[in-house]
Amino acid sequence: MTSPIRIGTRGSPLALAQAHMVADALSVTHGLASEIVPITASGDLIQDRPLADVGGKALWTKELDRCLIDGRTDISVHSMKDVETIRPPSLVIAAMLKRADTRDRLIGAASIAALPRGAVIGTSSPRRSAQLLAVRPDLKPVTLRGNVQTRLAKLARGEAEATLLAAAGLDRLGMDIGVPLDLLPAPAQGAIGVECLAGRADLMRLLAAIDDEETHRCVAAERAFLLALGGDCHSAVAALATVVDGSVILRAQILSADGREVRSGESADPAELAARLLAQASPALRAMFAGP
């Protein structure tokens, strides 16, 4: 493999920070130089609607995928929670860096309980909206899109009274703000994935050396749960896997959009857990998923 390795990434400050983390890992492990190649994703251009209404997670990945397939980049760096569960067969997630803090942080109040009655909460995540409504049905979620800096600016302008952001992203940007929440996170939250062409055995060998096995196992279980559910970007899903005595144990939730119905469980088998939660769910909640 010749240097530099061309790293495709979205152009947001957080995405660039994550791409530099991968570049640093390749440098430390292999002594290889890298070139960061910022690519504008459709999801970065659409700011006025929930992504679920205009194409879902593919809006974060399709431009990066095209660059890999066309040979303009060697690898892509992704926030794994933004990557579809079914990927093109020509591509493979070859490595994941060690996972960061998986929690959400509340920005704008000291706690969920401290929010004023009827407070407007800015979030484009069905999961976060449903989880908040499950404990505070009086809250009023509104769509708040954009990168971290954009969302914070919208909050400062009064478009919402509070918002939730991933702790991992804030930490990677050096932003020590917000209050950590005890909510089950989005599947794969806090994980950075590195993707390449499935036929690039040379790259796969290099990337294997920077792969964190425990993170990869846990994220794979969370993504398997999502796949078994058959949900889409409208579905409120939370999942977190951990390694216990060598085995991956998955905790997960599916929720109705209004937070009134929450089905939770735990299992070492993602497909079994998905089937069990769907069996426990009301017909209305089950209809949000295609099922295993």
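Miscellaneous remarks
- The one condition in (1) of a type outside the set (Val, Ile, Thr); (2) surrounded by fewer than 20 Cβ atoms within 10 Å (Cβ to Cβ); (3) more than 30 Å from HIS20 (Cβ to Cβ) that ARG205 fails to fulfil: (3)
- Selection status of LEU207, of a type in the set (A, V, I, L, M, F, W, C) and either in contact with an Asp or Glu (Cβ under 8 Å, 6 or more places away or on another chain) or not assigned by TED's automatic domain parsing to the domain that holds LEU59 (or both): no
- Residue match in region 241-264 (condition: part of a helix (DSSP H, G or I) and either hydroxyl-bearing (Ser, Thr, Tyr) or in contact with a strand residue (DSSP E or B) (Cβ under 6 Å, 6 or more places away or on another chain) (or both)): no
- Residues of region 135-157 that are under 29 Å from SER264 (Cα atoms) and in a loop (DSSP other than H, G, I, E, B): ARG136, PRO137, ASP138, LEU139, THR143, LEU144, ARG145.
- Among the residues examined, VAL148 qualifies as under 24 Å from LEU16 (Cα atoms), aliphatic (A, V, I, L, M) and in contact with a Gly (Cβ under 7 Å, 6 or more places away or on another chain).
- Subset tally (residues that are without any contact (Cβ under 8 Å) to a residue 40 or more places away in the chain and surrounded by 21 or more Cβ atoms within 10 Å (Cβ to Cβ)) for region 145-171: 1
- Filtered residue count, region 88-134, keeping only those that are outside any strand (DSSP E or B) and free of Cβ contacts under 8 Å to residues at least 60 places away in the same chain: 11
- Evaluation of LEU273 against the conditions (1) under 23 Å from SER79 (Cα atoms); (2) in contact with a strand residue (DSSP E or B) (Cβ under 6 Å, 6 or more places away or on another chain); (3) crowded, with 22+ Cβ neighbours inside 10 Å; (4) not hydroxyl-bearing (Ser, Thr, Tyr) shows that the sole unmet condition is (1).
- Count of residues meeting criterion [more than 14 Å from GLY178 (Cβ to Cβ) and touching a Ser or Thr at 6+ places or on another chain (Cβ under 6 Å)] in region 102-142: 3
- Test: residue in region 229-237 that is surrounded by fewer than 23 Cβ atoms within 10 Å (Cβ to Cβ) and at pLDDT 95 or above: no
- ARG200 passes every criterion in (1) under 15 Å from the mean Cα position of the chain (by Cα); (2) within 26 Å of SER76 (Cα to Cα) apart from (1).
- Total residues in region 269-292, condition among the hydrophobic types (A, V, I, L, M, F, W, C) and assigned to a helix (DSSP H, G or I): 9
The values are calculated or read from the model by the stated rules, or taken from the named source; none is laboratory data. On a predicted model such as this, the values are computed, not experimentally measured, just so you know. As a convention, Cβ positions derive from the backbone with ideal geometry for all residues, glycine included, and neighbour counts pool all protein chains shown.
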